[in-house]
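What follows is a set of notes on a single structure, which appears directly below.
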Amino acid sequence: MACILIVVTNAGNVINGRETGVWLSEFAESYLSFIHAGHEVIVASPKGGEAPIDPKSKGGNLLKEWKKAADVLKNTVSLDNLDSEDFDGIFLVGGRGTMFDFPSSERLQYILNEMAEDNKVIGAVCHGSAGFTHFLLPDGTPFLEGKRLTTFTNKEEKEMDLDKDMPFLLESKVRELGATFVAAPIFTENVEMDGNFITGQNPQSTLRTARMFLEKIEH
């Protein structure tokens, strides 16, 4: 049995009149995949406490299906209270809230750095990769430099009419940091693996991203 750290956002910023937060399917599908595979899962956020769910992501039927996972988001652990050595891998869940608090979380950057140094499994889906945008290796090199990955794309952000309301465009930022960015057609499944680094493009990619993450954890 492995111990997996899932990190979610605390930010419920209002963008263009719409609340943000965690995208429920990305959290629920990954969390339940890890739990059903028999692993221990700790759910944390930069500040701890409640992780707000993006209202657009919780339709009535879906909320019933994922109630167990949604309940976990009511009381997450603070990253300040965790140590990377206790985990076999870290998985960053998306939702546009991550764009507002993941990049500025020094504790998240510290934990990511420790895990990268120990060659542990690092994964993210959709906007979760915002957590890598300020992640520098000890020599000052961006973690993403030379990495093959995918994230929510600029075209997808524009299709949702939120491209002008983001603090930055995630695809553009990771390209600036020297990543090799791989995009599929909008809202289609796309998962990229570069060693122990696994990323998914969008909510449609969550289940496959989680499966590939588990394959690395269990290898």
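Every number in this text was worked out from the coordinates using simple rules, so none of it is lab data. Remember, it's a predicted structure, so these values are computed and weren't measured experimentally. Neighbour counts run over all protein chains shown; Cβ positions are idealised from the backbone, glycine included.
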For region 30-142, the convex hull over Cα atoms projects on average to an area in nm² of 7.2 nm²
Surrounding charge for D118, neighbours by C-beta under 11 angstrom, Lys/Arg +1, Asp/Glu -1, total -3
In the chain, helical segments from DSSP H whose Cα atoms cover 24 Å or more along their own axis and that average at least 1.0 on the Kyte-Doolittle scale are none
Charge dipole of the chain built from unit charges on the beta carbon (Lys, Arg +1; Asp, Glu -1), centred at mean Cα; most positive-end Cα among F187, I111, F197 is F187
Computed over region 160-213, the Cα gyration tensor eigenvalues, each multiplied by 5 and square-rooted, give semi-axes in Å (largest first) of 21, 15, 9
Compactness summary of region 3-218: radius of gyration and Dmax from Cα atoms, Å, are 15.4, 48
Restricting to lysines and to Cα separations under 26 Å from K158, and discarding same-chain partners fewer than 8 apart, the set is K56, K58, K147, K173
Taking a crude spin-label model, label points 7 Å out from Cα along the C-beta direction, the Y110 to N16 distance in nm is 3.7 nm
Measuring from its Cα centre, region 3-218 shows a charge dipole (+1 at each Lys and Arg Cβ, -1 at each Asp and Glu Cβ) which, in debye to the nearest 20, is 700 debye
